[in-house]
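Student: Structure below; questions to follow.
The values are calculated or read from the model by the stated rules, or taken from the named source; none is laboratory data. Here the structure is a predicted model, which is why all the values come from computation and not from measurement. We place every Cβ from the backbone using ideal geometry, glycine too, and count neighbours over all the protein chains shown.
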Amino acid sequence: MLARNPAASPPPATASSEGQKILAESQSASLTIENVTLRYGGAKGVLAVDDISFMVAPNEFTVIVGPSGCGKSSLLYLVAGLTELSDGTIRVNDAAVDRPGPDRGMVFQGYTLFPWLTVRQNVEYGLKRKKVPFSERNVIVEQYLDAVGLYQFADHFPAQLSGGMKQRVAIARALANDPGILLMDEPFGALDSQTRSTMQKLLLKVWEQRQKTVLFVTHDIDEAILLGDRVIVMTARPGRIKADIRVEIPRPRSMDLVMEPDFIALKRRILGLLHDEIDEDH
């Protein structure tokens, strides 16, 4: 982790009225996945995802877990519009998804920053493409850099950052475009346990402040329970929904919960469902 630069300027003490207005207008979206099927290689190819249906309410944090190769990430790519449906429909609010769009922001497991751009330039990249005026763009970028704790690293390049810091930039970049839905494909999977815990806390803080709908894929059951309002468990390939479990543990949550009886009981339930799938697959 890099040390803070004491010479760097601190973030503004208060947001401008323009910036407050920008964030006040930020809204989350609903997501509807209806009878979605994905088959690779045509009609006789590999069936990856089979007849999946569920809805995600605005500002709901939904986590997807399942055996390796069950189609979790494929489903996320379908929602992002990066992969073409074989059958079914996906809607954000009332608009059908058939291509990538600004209403969905994606954070990948790998570090997908532009290495030739600074932290600030990475975060503002989408805003510049949308031709957001400089004054408005600057307010948005500064507020999101402050939200993820990277204001003082605004002029650093990705090669100068730790893995956790790179993912903070990726989250800030996705949120700066004000998507209705934030899609996250195992974004903390490559991080060490301490950094992962820090990033989970940061994500929950930003999610609570920015009021976004989140669809999050993970292999980590503790992470799923800690973050999610609900946990969707998928079967082994072809991926179908095996269980849709509401997480009734009150917020705010911390890692101390892992020793609580309700947490342990829910973890055992999810692990039991996953172990059944692994056993059947072999």
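Student: Just need a number here: residues in the range 12-46 that are surrounded by fewer than 17 Cβ atoms within 10 Å (Cβ to Cβ), of a type outside the set (Phe, Trp, Tyr) and modelled with pLDDT under 95.
Tutor: Count: 19.
Student: Follow-up. Residues in the range 247-254: is at least one β-branched (Val, Ile, Thr) and either surrounded by fewer than 21 Cβ atoms within 10 Å (Cβ to Cβ) or without any contact (Cβ under 8 Å) to a residue 40 or more places away in the chain (or both)? Quick ask: steps written out before the conclusion?
Tutor: Taking the range 247-254 as the starting set, the residues that turn out to be β-branched (Val, Ile, Thr) are 247, 249.
Now drop any that are not either surrounded by fewer than 21 Cβ atoms within 10 Å (Cβ to Cβ) or without any contact (Cβ under 8 Å) to a residue 40 or more places away in the chain (or both), which leaves 247, 249.
Yes, there is a match, as at least one residue in the range 247-254 is β-branched (Val, Ile, Thr) and either surrounded by fewer than 21 Cβ atoms within 10 Å (Cβ to Cβ) or without any contact (Cβ under 8 Å) to a residue 40 or more places away in the chain (or both).
Student: Given the conditions (1) part of a strand (DSSP E or B); (2) more than 21 Å from the chain's Cα centre (by Cα), which single one is not true for residue 62?
Tutor: Against the list (1) part of a strand (DSSP E or B); (2) more than 21 Å from the chain's Cα centre (by Cα), residue 62 comes up short only on (2).
Student: Only residues in the range 79-92 that are in a strand (DSSP E or B) count as the first member; pair them with residues that are hydroxyl-bearing (Ser, Thr, Tyr), Cβ under 6 angstrom, at least 6 apart or cross-chain, and list the lot.
Tutor: 87/37; 88/37; 91/32
Student: I would also like to ask the following. Considering only residues of the range 119-154 that are touching a residue at least 40 places away in the same chain (Cβ under 8 Å) and charged (D, E, K, R), which is surrounded by the fewest Cβ atoms within 10 Å (Cβ to Cβ)?
Tutor: 130
Student: Further question on the same structure: Got a number for residues in the range 93-106 being in contact (Cβ under 8 Å) with a residue 60 or more places away in the chain and in contact with a Leu (Cβ under 7 Å, 6 or more places away or on another chain)? Full working, then the answer.
Tutor: Restricting attention to the range 93-106, the residues satisfying the condition of being in contact (Cβ under 8 Å) with a residue 60 or more places away in the chain are 93, 102-106.
Pick out the ones that are also in contact with a Leu (Cβ under 7 Å, 6 or more places away or on another chain) and you get 104-106.
Selection size over the range 93-106: 3.
Student: Separate question: Has the range 188-198 got at least one residue that is aliphatic (A, V, I, L, M), within 18 Å of residue 64 (Cβ to Cβ) and touching a residue at least 12 places away in the same chain (Cβ under 8 Å)?
Tutor: Here is the first cut: in the range 188-198, the ones aliphatic (A, V, I, L, M) are 190-191.
When the remaining residues are screened for being within 18 Å of residue 64 (Cβ to Cβ), the result is none.
No, the range 188-198 contains no residue that is aliphatic (A, V, I, L, M), within 18 Å of residue 64 (Cβ to Cβ) and touching a residue at least 12 places away in the same chain (Cβ under 8 Å).
Student: Further question: I need the full set of residues from the range 113-129 which are within 12 Å of residue 176 (Cβ to Cβ) and of a type in the set (Phe, Trp, Tyr), in order please.
Tutor: Restricting attention to the range 113-129, the residues satisfying the condition of being within 12 Å of residue 176 (Cβ to Cβ) are 119-129.
Passing the criteria: only 125.
Student: Which condition number does residue 76 fail, the rest of (1) assigned to a loop (DSSP other than H, G, I, E, B); (2) in contact (Cβ under 8 Å) with a residue 60 or more places away in the chain being met?
Tutor: The one condition residue 76 does not meet is (1).
Student: Looking only at the range 178-228, filter to residues that are of a type in the set (Lys, Arg) and in a helix (DSSP H, G or I); which one of those is farthest from residue 258 (Cα to Cα)?
Tutor: Here is the first cut: in the range 178-228, the ones of a type in the set (Lys, Arg) are 196, 201, 205, 210, 212.
When the remaining residues are screened for being in a helix (DSSP H, G or I), the result is 196, 201, 205, 210.
Details: 196: 15, 201: 14, 205: 19, 210: 26 Å.
That would be 210.
Student: Further question: I'd like to check something: does the range 155-167 contain any residue that is modelled with pLDDT of 95 or more, buried (at least 22 other Cβ atoms within 10 Å of the Cβ) and in contact with a helix residue (DSSP H, G or I) (Cβ under 9 Å, 6 or more places away or on another chain)?
Tutor: no
Student: Right, residue 229: of a type in the set (Asp, Glu) and under 20 Å from residue 52 (Cβ atoms) or not? Can you show your working first?
Tutor: Numbers: of a type in the set (Asp, Glu): yes; under 20 Å from residue 52 (Cβ atoms): yes.
Yes; evaluated as a whole, the condition is true for this residue.
Student: Is it the case, given these coordinates, that residue 69 is without any contact (Cβ under 8 Å) to a residue 40 or more places away in the chain, out of contact with any helix residue (DSSP H, G or I) (no Cβ under 6 Å at 6 or more places or on another chain), assigned to a loop (DSSP other than H, G, I, E, B) and among the small types (Gly, Ala, Ser)? First the steps, then the outcome.
Tutor: Working: without any contact (Cβ under 8 Å) to a residue 40 or more places away in the chain: no; out of contact with any helix residue (DSSP H, G or I) (no Cβ under 6 Å at 6 or more places or on another chain): yes; assigned to a loop (DSSP other than H, G, I, E, B): yes; among the small types (Gly, Ala, Ser): yes.
Judged against the criteria, residue 69 is not a match.
Residue by residue, here is whether (1) within 20 Å of residue 60 (Cα to Cα); (2) free of Cβ contacts under 8 Å to residues at least 60 places away in the same chain; (3) of a type outside the set (Ser, Thr, Tyr); (4) surrounded by 14 or more Cβ atoms within 10 Å (Cβ to Cβ) holds:
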position: 212; (1), (2), (3), (4): yes, no, yes, yes
position: 232; (1), (2), (3), (4): yes, no, yes, yes
position: 240; (1), (2), (3), (4): no, no, yes, yes
position: 266; (1), (2), (3), (4): yes, yes, yes, yes
position: 271; (1), (2), (3), (4): no, yes, yes, no
